[in-house]
Each structure stands twice: as C-alpha cells, then as structure tokens.
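Undergrad: So that we are looking at the same thing, I have put the structure below in structure tokens.
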Amino acid sequence: MKHLVIFFSLILSAFYSHAQKTLAFPFQGGREVMMTYFKDNVIIPESLKKSKATGTAVLKFTADQKGAIQKIVVYYADDYSITVPFIEALKKSDRKWVIPDEEKVHDFVISFTVNLVPQSKVSAAVQKQVYDAYQQRRPIFATNQVPLDMATLLPAIITTY
C-alpha cells in the first residue's frame, strides 16, 4: 500500500508540475533560416563601405499574430547610418515571425553588427578611414530606463563586407 501511495503521489506531482515551456524559434523555418535570411537580405550601402563604417545596432520590433512587423525601435546604435540596412532587412521579413499562440503581439530584441573584413595587410589610409568614421559617428542610446516587458532576445546578426 505504501508503494502505491508513493507511486500515485509521483504521478500527481508530475502532472501538476510543469517544466519550463520550450518555445519554437520565432522565425519561420528556424534559426538557420533566419540567419541565412539576414545574410542574404542585409545590403550594406556603398556609402558605408566607402567610409569604412563599422558598428552595432540594437533594435526592438513588434510582430502581430500574422507575423507582420508593426513597429521598429532603435534601442542603441553606434550611428544612425548603420541602422538603415538592418531596418530595411527587418521590414522585408514581414509575416515571417511566429509569436506564441496566446499573444496578440510580441516584442523581439535583436542586435546587428557590421564589420569591415580587412585585407591581409591594412594600409595606413584604410586605418585612417576607419578611425575617421569612428570619430564622426553619432551614437543613438537610451537616456532613461527601457522597459522590456515580455521581449524575446534573438541571436545577434553579424555582417561583414
């Protein structure tokens, strides 16, 4: 009888205790498809390449039940010019996002980085261009607290040119 009580108590505790919910990846097709999508759709403008600009942008966007993007907010950026190719790629990803069933909208936070891939030997002129781009940047950053509520942090996207 004692074994039967222990058995039923284990069954009941397993029934009533829930493990942490595992979420499906929020991009249709999964993580690898998302990474490939951004690799193919982030187009670095010639003006950024010419100035040898590099940097990071952290964006928050909201997707609705149909996966449509409703708004995009810049949380941080080394310079506004760096955000442009990432915002354009995000806009093209409209209706590719999957949100949990019980939600009407969901917020996502994603960081993008653009890097210059230096040639085998970097000239002094290229070093100066990178330094000048760094000196001329105008960062965008929060000056007050930023409530995140129920946002999902997505893997970072790193683009090189």
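The values are calculated or read from the model by the stated rules, or taken from the named source; none is laboratory data. Because the structure is predicted, anything quoted here is derived from the model rather than measured. Note: ideal-geometry Cβ built from the backbone for every residue, glycine included; neighbour counts use all protein chains shown. The protein model used for the area step is the full one, side chains on, heavy atoms only, and it has no ligands, DNA or RNA in it. Shrake-Rupley method; radii C 1.70, N 1.55, O 1.52, S 1.80 Å.
Undergrad: Which pairs break 25 Å Cα to Cα here: K39/K104; K92/K128; K49/K128; K71/K96?
TA: On the way: K39/K104 29 Å; K92/K128 35 Å; K49/K128 14 Å; K71/K96 15 Å.
Distance filter (> 25 Å) returns K39/K104; K92/K128.
Undergrad: Starting from one equal scatterer on each C-alpha and no solvent at all, send me the Debye-based log10 I(q)/I(0) for the range 38-158 at q = 0.11, 0.14 Å⁻¹, two decimals.
TA: Scattering profile of the range 38-158, log10 relative to I(0): -0.43, -0.65.
Undergrad: Stretch Y161-E46 to full length: gain in nm at 0.36 nm per residue minus the Cα-Cα span? Write down the numbers at each step before the final one.
TA: Working: separation 115, 0.36 × 115 = 41.40 nm, distance 1.02 nm.
Stretched fully, the Y161-E46 segment lengthens by 40.4 nm.
Undergrad: Going by accessible area, probe 1.4 Å, with all protein chains left in place, what is the ranking of K121, K92, largest first?
TA: Correct descending sequence by accessible area is K121, K92.
Undergrad: Further question on the same structure: Note down the net charge around V126, summing +1 for each Lys or Arg and -1 for each Asp or Glu among other residues with Cβ under 15 Å from its Cβ. Walk me through the numbers before you get to the answer.
TA: Values: positive: K49, K50, K52, K121, K128; negative: D132.
Charge balance in the 15 Å sphere: +4.
Undergrad: So, one more: Please arrange S123, S47, S93 by accessible surface area, largest first, computed with a 1.4 Å probe and ligands excluded.
TA: Numbers: S123 55, S47 80, S93 0 Å².
The residues order as S47, S123, S93, largest area first.
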